[in-house]
1. Answer yes or no: is there a residue in the stretch 5-28 that is in contact with an Asp or Glu (Cβ under 6 Å, 6 or more places away or on another chain), more than 25 Å from LYS144 (Cα to Cα) and open to solvent by 100 Å² or more (accessible area, probe 1.4 Å).
2. Can you tell me which condition ALA19 does not meet? The list is (1) over 16 Å from the mean Cα position of the chain (by Cα); (2) over 22 Å from ALA128 (Cα atoms); (3) of a type in the set (Gly, Ala, Ser), and all the others hold.
3. Inside the stretch 122-146, can you point out the residues that are open to solvent by 40 Å² or more (accessible area, probe 1.4 Å), touching a residue at least 24 places away in the same chain (Cβ under 8 Å) and over 17 Å from the mean Cα position of the chain (by Cα)?
4. Taking the criterion of being over 24 Å from SER4 (Cα atoms), of a type in the set (Val, Ile, Thr) and either within 15 Å of the chain's Cα centre (by Cα) or not in a loop (DSSP other than H, G, I, E, B) (or both), would at least one residue in the stretch 91-103 satisfy it?
5. Among the listed residues ILE53, ILE48, which satisfies the condition of being under 14 Å from ALA8 (Cβ atoms), in contact (Cβ under 8 Å) with a residue 12 or more places away in the chain and not in a strand (DSSP E or B)?
6. Residues that are modelled with pLDDT of 95 or more, in contact with a helix residue (DSSP H, G or I) (Cβ under 6 Å, 6 or more places away or on another chain) and of a type outside the set (Asp, Glu): does the stretch 88-111 have at least one?
7. Evaluate the following for ASP73: is it in contact (Cβ under 8 Å) with a residue 60 or more places away in the chain, closer than 24 Å to THR7 by Cα and among the acidic types (Asp, Glu)?
8. Given the structure, is ILE75 of a type outside the set (Lys, Arg) and in a strand (DSSP E or B)?
Amino acid sequence: TAASVITAVDHSKDAIEYARRFYPDKKITYILQDVLTSSFPDEYFDCILAFEIVEHVDGAILIKKLHKALKKDGILIVSTPNQDKMPFSKKDFPSHLRHYTQEELNRLLTDRGFRIISKHTQLSRDKADISDGWGGLFNIAVAKKL
């Protein structure tokens, strides 16, 4: 089902300007704000996509905030580097706080009120070659709010 309303949040002015320029759509509202300080009504969203953000912030705080903002049975889709294949180092990833192993990502979600309904992985950095299961460079979890 196509979305009727989309809210896009980023703390980077450049990212928001880029998105507005290359992805203009009347359905999309772009918000320049840090997701951890943004305020959305409880149980507001049907679906939230959190791609390449959880490694930049306190993941527990982020997932708890997203859980609160999702409607009952809402869907959260999270993508993050796989610590098992792309080990974290501050030198290589200066804007990251950490990477998550498969088990850590699983616990991050399940301990905060989600049930993982499917697992996917991106095998390389250069392509959108998505496969079922975890184990590539980036793990993607599709989780349902309990």
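1. yes
2. (2)
3. LEU146 - this is the single residue of the stretch 122-146 that is open to solvent by 40 Å² or more (accessible area, probe 1.4 Å), touching a residue at least 24 places away in the same chain (Cβ under 8 Å) and over 17 Å from the mean Cα position of the chain (by Cα).
4. no
5. ILE53
6. Scanning the stretch 88-111, I find at least one residue that is modelled with pLDDT of 95 or more, in contact with a helix residue (DSSP H, G or I) (Cβ under 6 Å, 6 or more places away or on another chain) and of a type outside the set (Asp, Glu), so the answer is yes.
7. The answer is yes for ASP73.
8. Answer is yes for this residue.
The values are calculated or read from the model by the stated rules, or taken from the named source; none is laboratory data. This is a predicted model, so every value here is computed, not measured. Methodologically, a virtual Cβ is constructed for each residue, glycine included, from the backbone with ideal geometry; neighbour enumeration extends over all protein chains shown. In case anyone asks, the SASA skips ligands and DNA or RNA and just uses the protein heavy atoms, side chains included. Shrake-Rupley method; radii C 1.70, N 1.55, O 1.52, S 1.80 Å.
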